[in-house]
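The structure is given below, and queries will be raised subsequently.
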Amino acid sequence: MTTFIFLDEEHKNYLKEKLSFYEVIDYNLSKINDVTIPSTLLIKTNFNLNKSIIDGQLPLEDYVINVLKTNKEIKVIFFNETEPDNYDVVKYLKPILKNFELNEDRFTVINNNEELIKYKSDSKINVHVNHPHIYASAKEMIKVNYEYKKDKKYLFMSYNRNLKAHRFFFLCLLKKYNLLDNIDWSWLRGDEMSKFIEIPNWFYNQIMNDEQFKNLKNEIDFLIKNGRKISEYEYDIIKDLKTDFFDYPNHYVLNPYENSYVHIISESYYEDKDAVLLSEKSIIPLYFSQLPIFLASYKHLDYFRKKYSFDLFDDIINHDYDDEFDNYKRMEMVVKEIKRIDDNKNEIIKFCKESNHRFEKNKKLIYEIVNEFDDSKYFKNLFNG
């Protein structure tokens, strides 16, 4: 049985919630000052770990650090459940732990950066890449039973919510190639672009140089003027919702995905060369019987293929864009592949209508994600070790 340390009532409730989610049942909870046996301190970091370690600090109060120095039986987990942390988090942590005379092997970093293990180097700090959002979404998806719809209105769909540079400029490129009319697309926070008197270079330099930016002026002006855009098949789902709220389970039930053959996935991460995040967005088309195209970080699909065995329809979709390091060139490659598919839409539609057997195989793999929750196994082994 593992004893978990809580720092206050809010932390205690957080632990109960997370341990339940990861199916950890056999444990005790104890206040930090009452711990006399081997125990685990799990700290939710969000992006606090990044900010503190770069300044040479731990995201812990001084009294907690003093307890860690005194009680060497306490292990610490820095836990970011939904986002990646800085790729070199381990490099920054090493000298801080040395300064506090805390052994590295007492510490574990858990986040969603697929690159985390790559940067572990010779450190004794433990690392684990976590995928809870994929598991949680898969659990909701498999509740939805639907009949495969062969005749769809749109060839493509592209749903975009949060304001991110790669999503904005991707829509600009789609406009430039005259593709938007063939796409059921959304830009739910498009109004936020109006906060810029003019678009700052830090925003577009993540993706492109000044010349490339200037060449998209007409498309940029169009999107800014257009503002918020709700896709046709999302409209009844979210027309009355605030844009900072998104009900994924309700989305799955109402299934706007059935109206498009090809799902263009605008992943959460794109620009950062040292962070790859596999989110629930990447598995949505694979449950809802669509062909997937990924607007994502360099090598996103490489990690996705290693983790899962989905059919990504390589005989139909050219995913070579995944190997392009340059952010703008990779985006152009994605758009050109969309243009190629659009130019051959009759063949694509024919393939989709005849390929439900392949879609069904992908759908079954979503059930496997739920039945084989890897992170739950990891946590149970970690805490029982």
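Can you find even one residue in region 90-104 that is hydrophobic (A, V, I, L, M, F, W, C) and in contact (Cβ under 8 Å) with a residue 60 or more places away in the chain? Can you show your working first?
Let us first name the residues in region 90-104 that are hydrophobic (A, V, I, L, M, F, W, C), namely 90, 93, 96-97, 100, 102.
When the remaining residues are screened for being in contact (Cβ under 8 Å) with a residue 60 or more places away in the chain, the result is none.
The answer is no; no qualifying residue exists.
Considering every residue within region 143-152, establish whether at least one is surrounded by 17 or more Cβ atoms within 10 Å (Cβ to Cβ) and among the hydrophobic types (A, V, I, L, M, F, W, C).
Among the residues of region 143-152, not one is surrounded by 17 or more Cβ atoms within 10 Å (Cβ to Cβ) and among the hydrophobic types (A, V, I, L, M, F, W, C), which makes the answer no.
Could you pull out the residue among K94, K98, K143, K120 that is touching a helix residue (DSSP H, G or I) at 6+ places or on another chain (Cβ under 9 Å) and either hydroxyl-bearing (S, T, Y) or assigned by TED's automatic domain parsing to the domain that holds P249 (or both)? Break it down stepwise before answering.
Values: K94 fails: either hydroxyl-bearing (S, T, Y) or assigned by TED's automatic domain parsing to the domain that holds P249 (or both); K98 fails: either hydroxyl-bearing (S, T, Y) or assigned by TED's automatic domain parsing to the domain that holds P249 (or both); K120 fails: either hydroxyl-bearing (S, T, Y) or assigned by TED's automatic domain parsing to the domain that holds P249 (or both).
Matching residue, one of K94, K98, K143, K120: K143.
Right, next: Would you mind stating whether N255 is over 19 Å from the mean Cα position of the chain (by Cα), in the same structural domain as Y146 (by TED's automatic domain parsing), of a type in the set (S, T, N, Q) and at pLDDT below 95?
It is true that N255 is over 19 Å from the mean Cα position of the chain (by Cα), in the same structural domain as Y146 (by TED's automatic domain parsing), of a type in the set (S, T, N, Q) and at pLDDT below 95.
Here is a further query. Hey, does region 8-17 have a residue that's hydrophobic (A, V, I, L, M, F, W, C), in contact (Cβ under 8 Å) with a residue 60 or more places away in the chain and within 25 Å of A136 (Cβ to Cβ)?
no
List the strands (runs of 3 or more DSSP E) that sit entirely inside region 119-198 and contain at least 1 residues that are β-branched (V, I, T) and touching a Pro at 6+ places or on another chain (Cβ under 8 Å).
Output list is empty.
Can you tell me how many residues within region 4-44 are within 21 Å of D374 (Cα to Cα) and surrounded by fewer than 15 Cβ atoms within 10 Å (Cβ to Cβ)?
6
Would you confirm whether any residue within region 284-305 is surrounded by fewer than 21 Cβ atoms within 10 Å (Cβ to Cβ), small (G, A, S) and assigned by TED's automatic domain parsing to the domain that holds W185?
Checked against the condition, which is being surrounded by fewer than 21 Cβ atoms within 10 Å (Cβ to Cβ), small (G, A, S) and assigned by TED's automatic domain parsing to the domain that holds W185, region 284-305 yields no hits at all.
Specify the residue that is surrounded by the fewest Cβ atoms within 10 Å (Cβ to Cβ); the eligible residues are those in region 306-334 that are without any contact (Cβ under 8 Å) to a residue 12 or more places away in the chain and of a type outside the set (D, E). Walk me through how you get there before you give the answer.
Residues of region 306-334 without any contact (Cβ under 8 Å) to a residue 12 or more places away in the chain: 306, 314-315, 326, 329.
Subset that is of a type outside the set (D, E): 306, 329.
Values: K306: 9, K329: 12.
Applying the filter and picking the extreme gives K306.
Test L163 against the criterion of being in the same structural domain as V262 (by TED's automatic domain parsing) and more than 20 Å from K281 (Cα to Cα), and give yes or no.
Criteria not met by L163.
Given the residues D191, D221, D236, which is the only one that is in contact with a Lys or Arg (Cβ under 7 Å, 6 or more places away or on another chain) and among the charged types (D, E, K, R)?
On inspection, the qualifying residue turns out to be D191.
Quick one: how many residues across region 59-80 are under 27 Å from the mean Cα position of the chain (by Cα) and either of a type in the set (V, I, T) or under 16 Å from N126 (Cα atoms) (or both)?
5
If a residue has to be under 25 Å from the mean Cα position of the chain (by Cα), free of Cβ contacts under 8 Å to residues at least 24 places away in the same chain and farther than 26 Å from L155 by Cα to count, how many in region 190-235 make the cut?
Residues that pass the stated criteria total 2.
Name the helices (runs of 4 or more DSSP H) wholly within region 322-385 that hold at least 3 residues that are outside the structural domain of F168 (by TED's automatic domain parsing) and not β-branched (V, I, T)? Please lay out each step first, then the result.
Working: elements: 327-343, 345-353, 356-371, 374-384.
In region 322-385, the matching helices (runs of 4 or more DSSP H) lie at 374-384.
The values are calculated or read from the model by the stated rules, or taken from the named source; none is laboratory data. Just so it is clear, the structure is predicted and the values come from calculations on it, not from any experiment. Cβ: placed from backbone, ideal geometry, glycine included. Neighbour counts: every protein chain shown.
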